[in-house]
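These notes are about the structure you will find just below.
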Amino acid sequence: MKPLRHILTLSDLTAEELKTILETAEKIKADFKAGSRPKLLEGKVLGLIFEKMSLRTRVSFEAGMTHLGGGSMLLEEQHIGLGKRESIKDVSHVLSSMVDCIAFRAKSHKTVEEFASYSSVPVINALTDKSHPCQALADMLTIKEEFGSFDDVKIAWVGDSNNVAASFIEAAAMLGVPFVVSSPEGYAFSKEEIDALTVRRQPGFSLSFVSDPKAAVRDCNVVCTDVWVSMGQESENEERVKAFSQYQVNADLMKAAREDAIFMHCLPARRGLEVTDEVIDSKQSRIVEEASNRMHAQKGLLVWLLQDDAQ
Ligand code: CP
Ligand code: NVA
């Protein structure tokens, strides 16, 4: 019997387990590129619960499960009425009695925690207000492909200290990669959040906070941002756009980074706000590779979680 593991944040894995998942993803991707799709999860079923919109996460999980010989089903909030038509506890007990794994995109991280506490199968966080571990897996896979290893990588995060940034910091800590955060006043992580995100830190990791974006990206070969207004924060649009106006990733900012720097963004992007067309469409941009690596990274995770003898 496989041990029951929920992946609600990356710190639910050890650093070694994270490396194994990335290596598994690399191998599965190489096979896929060579035209081979081994049916490693034949007959397994993934349930997908979405309380928020998605393109990449949904498609990468559904296509990934199909390639691996399994199946998936989308359960949208309005169809299952989670917490309204019936309790989170009852949905979790019933759904987990029929599927092998559940990926859950929730408005509140607490909902996923509660759901997982009742689930008899692994639950994967498919984005909450607090974290986005699947995105960080894909981001690290993209960086490894770009530079061959993490040895000479330094990541700059410019913009909101949000769910995507949190998981990215967690991944960098676990892989020993230096990380710089540049966020405006009032939009930084708290000390408690940083302590929790870096609990599995490995040698080589450092975390610095530099409010001037140009100073922050200096010496960095990965420049990353995300939207200034995340899903659920729409009512703060006006004040956020104003607060982040000096934190746009534009050609001028990219010039301040290392010559070999790449630009990353989890997407969807609001072009003209956090990033200009000039940067997102430039040769330095890796947005498409990053998005397509969602599928390869999550295949690595699914195989590690569900394949007999994989852990
Ligand atoms: N990056 C990401 O999670 O995209 P979606 O919201 O489209 O799933
Ligand atoms: N920070 C964004 C990421 C979307 C993939 C959000 O939560 O809306």
Worksheet entry | For region 53-186, with +1 on Lys and Arg beta carbons and -1 on Asp and Glu, the positive-most of S149, P184, P122 along the dipole | P122
Practice prompt. Just flag the trypsin sites (Lys or Arg not before Pro) in region 8-103 sitting in loop per DSSP whose Cβ has no more than 12 other Cβ atoms within 10 Å.
Written response: K39, K84, R85
Discussion item. With a cut-off of 8 Å between alpha carbons and a minimum separation of six or more residues, what is the relative contact order of the chain in percent?
Written reply: 21
Worksheet item: Taking the Cα centre of region 255-311 as origin and charging only Cβ (+1 Lys, Arg; -1 Asp, Glu), how large is the dipole, in debye to the nearest 20?
Response: 160
Worksheet item: With a sphere of radius 13 Å drawn around the Cβ of V180, what net charge do the other residues whose Cβ falls strictly inside it have (Lys, Arg +1; Asp, Glu -1)?
Response: +2
Fill in: Contact order normalised by residue count of region 165-311, Cα under 8 Å, 6+ apart, percent
20
Item to complete: Sum up the charges of everything whose Cβ sits under 12 Å from the Cβ of F244, counting Lys and Arg as +1 and Asp and Glu as -1, but leave F244 out.
Response: -4
Practice prompt. Please list, or write none, the lysines whose alpha carbon is within less than 28 Å of the alpha carbon of K110, excluding same-chain residues fewer than 8 places away.
Written response: K2, K19, K44, K52, K84, K89, K130, K191, K299
Worksheet item: If Lys and Arg each add +1 and Asp and Glu each add -1, what is the summed charge of the other residues whose beta carbon sits under 10 Å from the beta carbon of L68?
Response: +3
Worksheet, complete the sentence: Answer in debye to the nearest 20: the dipole magnitude of region 78-151 about its Cα centre, from +1 Lys/Arg and -1 Asp/Glu charges placed on Cβ, is 440
Worksheet item: How large is the charge dipole for the chain, taken about the Cα centre, if only the Cβ atoms of Lys, Arg (+1) and Asp, Glu (-1) carry charge, to the nearest 20 debye?
Response: 520
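Coordinate-derived values only; no laboratory data. Being a predicted model, the structure only gives us computed values, none of them experimental. Cβ atoms come from the backbone with ideal geometry, glycine included; neighbour counts cover every protein chain shown.
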